[in-house]
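Taking it in order: structure first as C-alpha cells, then the write-up.
The values are calculated or read from the model by the stated rules, or taken from the named source; none is laboratory data. In this text, all values refer to a predicted model and were calculated from it rather than measured experimentally. Note that we place each Cβ from the backbone using ideal geometry, even for glycine, and neighbour counts take in every protein chain shown.
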Amino acid sequence: MEVTKIKLNGTQQEIMKIKKIPIDNLDYLELYAEELKNNPKLFEQQKMLIESQIISSHSIFKKMFGNKNFKEEARRYLRGIGVL
Amino acid sequence: MKQKAYEIDNDTIIINRDLTNLDLFLKEFLDILKKYSDYLVVSGFVSISTGRTRGTEDIDVLFPIMNKEIFDRLFKNLQEKKFWCFQGDNAYDVYGYIKKLTNIRFAKENQLYPNIEFIPINETRRTKYFEFAHPQKIKIKNFEFKIPPIEFEILYKEIILASKKDIEDARHLRKFFSDIINNKKFKEYEPIIKMKLGEK
C-alpha cells in the first residue's frame, strides 16, 4: 500500500492510499488488516471491543443467574440452549 | 523506524500490542494446563490475537488425551484457581467425556463467557493431530503460546469450517501475514486438511 503525506489539523501526517475502493465486508476487512500491519495503534480499539464484550457478558449472566447458585442456573440454561 | 504490528524473532511471531483481558484469561488457564499437558490454541483466537476485530465466546484449546490420574490433578488445580467446568464438578464424571473424545468447557467462577473449549485429541483425529505436532510460537508481551502454522489455520478455516466468520478470519490472516506466508506450505497442508473431510 502506498503512503502519502497530507496536512491534517495543521500537522503533517502519513496516510495510506488505498488501491481499491472497498465494497463489501471482506474488502473492508482486508483494508483494516493492511492498515493494522503498519499501524499497531489500531490494536487499542480491538482491546476496547474485546474488554467491553467481557464486561457486558459478565454483567448479563450475573443478572440472569446471580452468584449464589450460578453454576446450577448456568447449567440449566446451557441445557436449555443445547450446549450441554 | 516505525514499529510494525508484528515481527519474527527466530521462529516466534511477536505481536506488538498490549495484553487484553481475554489474553490474560487464556494465560491463566494455560499456566495451569502446561504443568500437566501439552496443548495447541486453535481457531478464532488465532485471528483475534493477531488483530481481527470481532467478539468471541470461547477459545479452542487442543490437548492429547491424558490418563485419569493426570486429568484428576489438572481438574482439581483448575478448581483451586477458580475455574468451573460446564460438564460437572467431579473429575471422575467429567473424564467420561474426555475418554469419548468429547469437548468440555471451563470458565472462571460466576462467569459463562469467555470460556475455554477444551478439545481432546488422539492419533485418530489425524488433521488435528498434525497441527498439534507442528506448532508455531506466538508472543504478546510476556505471554507466549502455541498456535498452528498460519497457512494451516487459513486453509482449515477456508476448507473445513467455512462459515462467514471463518472465511473472514482466514482473509484477515492472509492479509495481515502476507509478508511471511509461504505458498509452498499451502500446497503441503491442503491434502492433509482435505483428509478431514473424510473423517467423521
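The number of residues in the range B:1-49 being among the aliphatic types (A, V, I, L, M) and within 14 Å of chain A (Cβ to nearest Cβ) comes to 12. Please find, within the range B:110-134, the residue that is nearest to the other protein chains (Cβ to nearest Cβ) out of those that are surrounded by 18 or more Cβ atoms within 10 Å (Cβ to Cβ) and in contact with a Pro (Cβ under 8 Å, 6 or more places away or on another chain). Among those that are surrounded by 18 or more Cβ atoms within 10 Å (Cβ to Cβ) and in contact with a Pro (Cβ under 8 Å, 6 or more places away or on another chain), it is B:Pro120. Restricting B:Ile154, B:Ile180 to those that are outside any helix (DSSP H, G or I) and at pLDDT 95 or above reduces the list to B:Ile180.
The number of residues in the range B:50-75 being surrounded by fewer than 19 Cβ atoms within 10 Å (Cβ to Cβ), more than 14 Å from every other protein chain (Cβ to nearest Cβ) and within 17 Å of the chain's Cα centre (by Cα) comes to 3.
Kindly evaluate A:Ile81 against the criterion of being at negative phi, modelled with pLDDT of 90 or more, touching a Pro at 6+ places or on another chain (Cβ under 9 Å) and not aromatic (Phe, Trp, Tyr).
No, not satisfied.
Of all residues in the range B:67-105, those that are without any contact (Cβ under 8 Å) to a residue 24 or more places away in the chain, part of a helix (DSSP H, G or I) and of a type in the set (A, V, I, L, M, F, W, C) total 3.
Residues in the range B:18-66 that are touching a residue at least 60 places away in the same chain (Cβ under 8 Å) and in a strand (DSSP E or B): B:Leu40, B:Val41, B:Val42, B:Leu62, B:Pro64.
When you scan the range A:3-24, do you find a residue that is among the aliphatic types (A, V, I, L, M), within 12 Å of chain B (Cβ to nearest Cβ), assigned to a helix (DSSP H, G or I) and in contact with an Asp or Glu (Cβ under 7 Å, 6 or more places away or on another chain), even just one? Checked the range A:3-24: no residue is among the aliphatic types (A, V, I, L, M), within 12 Å of chain B (Cβ to nearest Cβ), assigned to a helix (DSSP H, G or I) and in contact with an Asp or Glu (Cβ under 7 Å, 6 or more places away or on another chain).
Exactly one residue out of B:Gln79, B:Gln87 is among the polar types (S, T, N, Q), touching a strand residue (DSSP E or B) at 6+ places or on another chain (Cβ under 7 Å) and within 14 Å of chain A (Cβ to nearest Cβ): that is B:Gln87. Just one of the listed residues (A:Lys62, A:Lys47, A:Lys71, A:Lys37) is more than 30 Å from B:Lys164 (Cβ to Cβ), within 24 Å of the chain's Cα centre (by Cα) and surrounded by 12 or more Cβ atoms within 10 Å (Cβ to Cβ), and it is A:Lys62.
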